[in-house]
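Below is one structure, written out as structure tokens, with a few remarks after it.
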Amino acid sequence: MVIHRTGMTGKELDKIAEIWLTANLEAHSFINKDYWLSNYVAVKKQLGEAELFIATQGQTITGFLGISGTYVAGLFVDKRFRSRGIGRQLLDTAKRSRSKLSLSVYEKNKAASHFYIHQGFIKTSTEIDGATGETVFNMEWQKANHRGRFK
């Protein structure tokens with residue numbers, strides 16, 4: 001099940017922040033782990049105020065997608081629940097709520113790049129992330145209307 005929430009607190013926020021940190025450390029081994037650790041407190045605060053789509057299985061949070069307007073700030077799935085379609089389910093829910101989405105993904109995060117391309121995103125530009133020095137692909141998705149044109 002996917003729920004739409006803003007204003008996370010307590011144990012739910014703790015779990016979301018834990019998923020954020022663990023997933024970033026696992027997916028971005030090419031970035032010094034101190035970068036993620038030093039940003040943890042600030043990101044946890046932002047997550048507590050963010051618009052989130054949260055995947056759950058029973059009472060367990062299995063993943064989440066953070067969104068600001070039409071920008072997907074992040075999509076993270078707990079390692080124990082990966083490869084079960086949760087990321088796609090979260091993204092599909094976000095797509096139903098917007099006619100356009102954009103996001104950024106590190107070039108070296110090949111699994112994520114391929115996932116987003118498979119989900120209909122196209123690469124629109126490339127830039128260097130000033131905080132990490134890594135190359136980032138900027139990507140966009142647009143909902144097609146019934147005539148096959150984009151809105």
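Residue-by-condition table, conditions (1) in contact with a Gly (Cβ under 8 Å, 6 or more places away or on another chain); (2) farther than 24 Å from Ile122 by Cα; (3) not basic (Lys, Arg):
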| residue | (1), (2), (3) |
| --- | --- |
| Asn32 | no, yes, yes |
| Glu49 | yes, yes, yes |
| Ala55 | yes, yes, yes |
| Gly69 | no, no, yes |
| Val72 | yes, no, yes |
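Please find, within segment 70-81, the residue that is surrounded by the fewest Cβ atoms within 10 Å (Cβ to Cβ) out of those that are over 20 Å from Val136 (Cα atoms) and not charged (D, E, K, R).
Phe81
Taking strands (runs of 3 or more DSSP E) that do not extend beyond segment 1-84, which have at least 3 residues that are out of contact with any Phe, Trp or Tyr (no Cβ under 8 Å at 6 or more places or on another chain) and closer than 20 Å to Ser102 by Cα? Walk me through how you get there before you give the answer.
Values: elements: 2-6, 51-57, 60-68, 71-77.
Fully inside segment 1-84 and qualifying: 71-77.
What number of residues within segment 15-65 are among the β-branched types (Val, Ile, Thr) and surrounded by fewer than 17 Cβ atoms within 10 Å (Cβ to Cβ)?
First, the residues of segment 15-65 that are among the β-branched types (Val, Ile, Thr): 16, 19, 22, 31, 41, 43, 54, 56, 60-62.
Restricting the remaining residues to those that are surrounded by fewer than 17 Cβ atoms within 10 Å (Cβ to Cβ) gives 22, 41, 56, 60.
Result for segment 15-65: 4.
Residue by residue through segment 105-123, note down the ones that are assigned to a strand (DSSP E or B) and buried (at least 17 other Cβ atoms within 10 Å of the Cβ). Lay out the reasoning, then the answer.
Just the residues of segment 105-123 that are assigned to a strand (DSSP E or B), to begin with: 105-106, 122-123.
Within segment 105-123, Val105, Tyr106 meet the criteria.
Just to be sure, is Ser102 in a strand (DSSP E or B) and hydroxyl-bearing (Ser, Thr, Tyr)?
Details: in a strand (DSSP E or B): yes; hydroxyl-bearing (Ser, Thr, Tyr): yes.
So Ser102 fits the description; yes.
Given the residues Thr126, Thr132, which is the only one that is in a loop (DSSP other than H, G, I, E, B) and at pLDDT 95 or above? Walk me through it before giving the result.
On the way: Thr126 fails: in a loop (DSSP other than H, G, I, E, B).
None of the others qualify; the one that does is Thr132.
Based on this model, can you work out whether Leu90 counts as in a helix (DSSP H, G or I), at pLDDT 95 or above, under 19 Å from Thr6 (Cβ atoms) and touching a Gly at 6+ places or on another chain (Cβ under 8 Å)?
On the way: in a helix (DSSP H, G or I): yes; at pLDDT 95 or above: yes; under 19 Å from Thr6 (Cβ atoms): yes; touching a Gly at 6+ places or on another chain (Cβ under 8 Å): yes.
Considered against the rule, which asks whether it is in a helix (DSSP H, G or I), at pLDDT 95 or above, under 19 Å from Thr6 (Cβ atoms) and touching a Gly at 6+ places or on another chain (Cβ under 8 Å), Leu90 comes out as yes.
The values are calculated or read from the model by the stated rules, or taken from the named source; none is laboratory data. Keep in mind that this is a model prediction, so the values were computed, not measured. Every residue, glycine among them, receives a Cβ derived from its backbone with ideal geometry; neighbour counts consider all protein chains shown.
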